[in-house]
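Notes to accompany the following structure.
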Amino acid sequence: FPGGSLTCVTLTDDGVLRPGDEGEDVEALQQQLKDLGYLGGAADGKYGPGTAAAVREFQRDFLLARDGKVGPMTQDVIDDVLAGNLLLASEDGVGTVPFGTGSEGAYADLVSALGVPDATTGWYVDGCDGHDWFKATWDGFTAVFTDRDGTRQFDGWQVDDLSDLPTGLYIQLGIHSGTDWGDLDALGADFYDDYLGQRWRILAPPFFNGRFTGPVTNPPAANSPIASFGTGTGGFESC
């Protein structure tokens, strides 16, 4: 205005990236989300609905407020995951160790990330399917190796005790200690009761053979606590 000056402040001057922002910072964020598997397509530097949805999925998995914005806390967690300080157990594997990785290399990488396991089974022949199996357990979490595809490989993981996960390990979909049937139902879980007992499953991402901590009604009450579950290429649980 005449005789004066104006100071323009952008929305992102508060250190938060949000929908509508554009530029190199957004492009760098998008590349990080792509590297983590949360964003497909090109990193175009435009913070649109797709980027916001990817951010919300990341925030869900790592127990952050799901606002679709990237402030210092979300950015710090993204950086920690990329640095290997935090691991996500997902439908693809654990952290940067995907299913299908040779057992020797996968086991070494998991030990590097999680420390020496509390217990291991050694390789054994499963009485149901005749394949070689090996399991390594850290607190309430077990990595499963089999030779189902003809070679020994990292084949699945299972949660044995949801309240006792290794430090820094997160479960895809934000499942954590205290998650109950109401939370799973909201995620699209199915309840079924067959000859193996009362179980739940989620098909996308696929979590199978989930168990409850005790008998439940059909349908289960919203506060029914859950126990073990797993995922993988078919090798997280024998017959």
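The values are calculated or read from the model by the stated rules, or taken from the named source; none is laboratory data. All of these numbers come straight from a predicted model, not from anything done at the bench. Every residue, glycine among them, receives a Cβ derived from its backbone with ideal geometry; neighbour counts consider all protein chains shown. Areas reflect the complete protein model, heavy atoms only, side chains present, ligands, DNA and RNA absent. Shrake-Rupley method; radii C 1.70, N 1.55, O 1.52, S 1.80 Å.
Please work out whether region 113-162 counts as rounded, prolate or oblate from its C-alpha gyration tensor, where a ≥ b ≥ c are the square roots of the eigenvalues and a/c under 1.5 means rounded, while otherwise a/b larger than b/c means prolate and anything else oblate? Taking the square roots of the gyration eigenvalues as a ≥ b ≥ c, region 113-162 is prolate. Annotation note: chymotrypsin sites (Phe, Trp or Tyr not before Pro) in region 110-215 located in DSSP loop regions with a Cβ neighbour count of at most 15 within 10 Å are Trp123, Tyr195. Mean residue ellipticity at 222 nm, helices only, the chain: -7000 deg cm²/dmol; runs of at least 4 DSSP H residues each add -39,500 (n - 2.57), and the sum is divided by the number of residues. Element breakdown for the chain at a 1.4 angstrom probe: carbon and sulfur atoms account for 50% of the accessible area.
Working from Cα pairs under 8 Å separated by at least six residues, relative contact order for the chain is 15 percent. Could you work out the local net charge near Ala222, counting Lys and Arg as +1, Asp and Glu as -1, over the other residues with Cβ closer than 12 Å to its Cβ? Summing Lys/Arg as +1 and Asp/Glu as -1 gives -3. Which one is right for this structure if Cα extents along the principal axes in Å is calculated from it: [x] 87, 43, 29; [y] 59, 37, 32; [z] 119, 58, 34? Given [x] 87, 43, 29; [y] 59, 37, 32; [z] 119, 58, 34, the structure-derived one carries the label [x].
Applying 1/(1 + (r/R0)^6) with r as the Cβ-Cβ distance of Asp14 and Ala83 and R0 = 35 angstrom yields a FRET efficiency of 0.90. Extending 7 Å from Cα along the Cβ direction at Met73 and again at Asp44 yields two label points whose distance is 3.1 nm.
Would you mind calculating the gained length between Tyr195 and Thr213 on full extension (0.36 nm times residue separation, minus the Cα-Cα distance), in nm to one decimal? Contour length minus the Cα-Cα distance gives 4.8 nm. For region 76-208, what class follows from the C-alpha gyration tensor (a ≥ b ≥ c being the square roots of its eigenvalues): rounded when a/c is under 1.5, otherwise prolate if a/b is larger than b/c, else oblate? The shape class here is oblate. Computed over neighbours whose Cβ is under 12 Å from that of Pro98, the net charge equals -4, Lys and Arg +1, Asp and Glu -1. Quick one: Cα centre-to-centre distance for region 182-239 and region 33-92, in angstrom? Each part's Cα centre sits 26 Å from the other's. A Förster radius of 41 Å combined with the Cβ-Cβ distance from Trp123 to Ser177 puts the calculated FRET efficiency at roughly 0.85. For the chain, modelled as a GNM with alpha-carbon contacts under 10 angstrom, which of Asp80, Asp193, Asp164 fluctuates the most? Top of the fluctuation ranking is Asp193.
Once the Cα atoms are used to define both axes, helix 103-114 deviates from the longest principal axis of the chain by about 60 degrees. Compute, for Thr167, the solvent-accessible surface of its heavy atoms (probe 1.4 Å) with the complete set of protein chains present, and express it in square angstrom to the nearest 10. Taking all protein chains as shown, Thr167 has close to 140 Å².
One chain, two ends: Thr96 and Asp164. Fully extended at 0.36 nm per residue, the span grows by 22.3 nm beyond their Cα-Cα distance.
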